[in-house]
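*Asks:* Starting off with a structure, shown below.
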């Protein structure tokens, strides 16, 4: 279980997170929605120590990790948490297989043969069993998204964090990626936390939805109940209503 308690984060004079609190249950797909610039990416990056909060607690499986050193994060948390970056974050100079192998560096006891097997298995899980020796520039946008997911699952984490996994994709490819996220969650037994603007995809695959607004989580509900909420800010967002005061 992941618990985020009263997290604050500022960059110079800009206060981004203002007491964000969120619980993510084991085994669920939990999606955070909200307008651009509200701090969704900042919040999710605090979970793996890419950004250090100014105040508050982050608890993963009972461990308060908010003040862990880089060394302790690498040893006790990051082997169990993988991050799928919005732009993929693949190295253009490396093959797909080599990109995935970089992530496996955290599993230090694997033999070279075991690493090779893990790379192939991970690519097969995302439906890309023939691209190991290709370079990122040779793949389409949708394929690159799946490679980024393959790299994330290669370490066999307990938690998968996705930053806008369908951004830049057409509706068909978005549906492919959303279906893949659901399939991996079910088949690998992971817990997924997603940042998304894709309301259709969110409704299709998520168990629960939370909205981040002005630095705080203002609402969390079961996905089946998203159209029955009374929060105006939430309802305006999911229906795409334009507020002239924004």
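The values are calculated or read from the model by the stated rules, or taken from the named source; none is laboratory data. The shown structure was predicted, so the numbers you read here are calculated from the model rather than taken from an experiment. As a convention, Cβ positions derive from the backbone with ideal geometry for all residues, glycine included, and neighbour counts pool all protein chains shown.
*Asks:* Of all the residues that make up the range 13-24, how many are over 12 Å from residue 210 (Cβ atoms) and out of contact with any helix residue (DSSP H, G or I) (no Cβ under 7 Å at 6 or more places or on another chain)?
*Replies:* Taking the range 13-24 and keeping what is over 12 Å from residue 210 (Cβ atoms), we get 13-19.
The next check asks that each one be out of contact with any helix residue (DSSP H, G or I) (no Cβ under 7 Å at 6 or more places or on another chain); those that pass are 13-15, 18-19.
Total satisfying the criteria: 5.
*Asks:* Quick check: is even one residue across the range 221-244 farther than 19 Å from residue 47 by Cα and either assigned to a strand (DSSP E or B) or under 15 Å from the mean Cα position of the chain (by Cα) (or both)?
*Replies:* yes
*Asks:* Additional query: Could you tell me whether residue 246 is at pLDDT below 90 and crowded, with 20+ Cβ neighbours inside 10 Å?
*Replies:* So residue 246 fails the test.
*Asks:* Right, another one. Out of the range 132-144, which residues are in a loop (DSSP other than H, G, I, E, B) and either surrounded by 21 or more Cβ atoms within 10 Å (Cβ to Cβ) or out of contact with any helix residue (DSSP H, G or I) (no Cβ under 6 Å at 6 or more places or on another chain) (or both)? Give the derivation first.
*Replies:* The first filter runs over the range 132-144 and keeps only residues in a loop (DSSP other than H, G, I, E, B), leaving 132-135, 139-140.
Correct list: 133, 135, 139, 140.
*Asks:* Also, quick follow-up: Only strands (runs of 3 or more DSSP E) wholly contained in the range 1-49 count here; list those with 1 or more residues that are free of Cβ contacts under 8 Å to residues at least 24 places away in the same chain and out of contact with any strand residue (DSSP E or B) (no Cβ under 8 Å at 6 or more places or on another chain).
*Replies:* 2-11, 14-24
*Asks:* Just a yes or no: is a residue in the range 110-119 in a helix (DSSP H, G or I), out of contact with any strand residue (DSSP E or B) (no Cβ under 9 Å at 6 or more places or on another chain) and crowded, with 19+ Cβ neighbours inside 10 Å?
*Replies:* Checked against the condition, which is being in a helix (DSSP H, G or I), out of contact with any strand residue (DSSP E or B) (no Cβ under 9 Å at 6 or more places or on another chain) and crowded, with 19+ Cβ neighbours inside 10 Å, the range 110-119 yields at least one hit.
*Asks:* Okay, next question. Could you identify the single residue in 75, 87, 67 that is surrounded by fewer than 16 Cβ atoms within 10 Å (Cβ to Cβ), within 16 Å of the chain's Cα centre (by Cα) and modelled with pLDDT under 85?
*Replies:* Sole residue among the options that is surrounded by fewer than 16 Cβ atoms within 10 Å (Cβ to Cβ), within 16 Å of the chain's Cα centre (by Cα) and modelled with pLDDT under 85: 87.
*Asks:* How many residues are in contact (Cβ under 8 Å) with a residue 40 or more places away in the chain, surrounded by fewer than 21 Cβ atoms within 10 Å (Cβ to Cβ) and outside any loop (DSSP other than H, G, I, E, B) when one looks only at the range 196-207? Write out each step before concluding.
*Replies:* Start the filter on the range 196-207 by keeping residues that are in contact (Cβ under 8 Å) with a residue 40 or more places away in the chain, which leaves 196-197, 199, 202, 205-207.
Now drop any that are not surrounded by fewer than 21 Cβ atoms within 10 Å (Cβ to Cβ), which leaves 197, 199, 207.
From what is left, the residues that are outside any loop (DSSP other than H, G, I, E, B) are 199.
Number of matching residues: 1.
*Asks:* On to the next question. Check the range 94-115 and report whether any residue there is on the phi > 0 side of the Ramachandran plot, at pLDDT below 90 and over 13 Å from the mean Cα position of the chain (by Cα).
*Replies:* The initial filter retains those residues of the range 94-115 that are on the phi > 0 side of the Ramachandran plot, namely none.
No, the range 94-115 contains no residue that is on the phi > 0 side of the Ramachandran plot, at pLDDT below 90 and over 13 Å from the mean Cα position of the chain (by Cα).
*Asks:* If you don't mind, there's one more thing I want to ask. I need the full set of residues from the range 145-179 which are surrounded by 20 or more Cβ atoms within 10 Å (Cβ to Cβ) and assigned to a helix (DSSP H, G or I), in order please.
*Replies:* 145, 146, 147, 148, 149, 150, 151, 152, 153, 174, 177, 178, listed by residue number.
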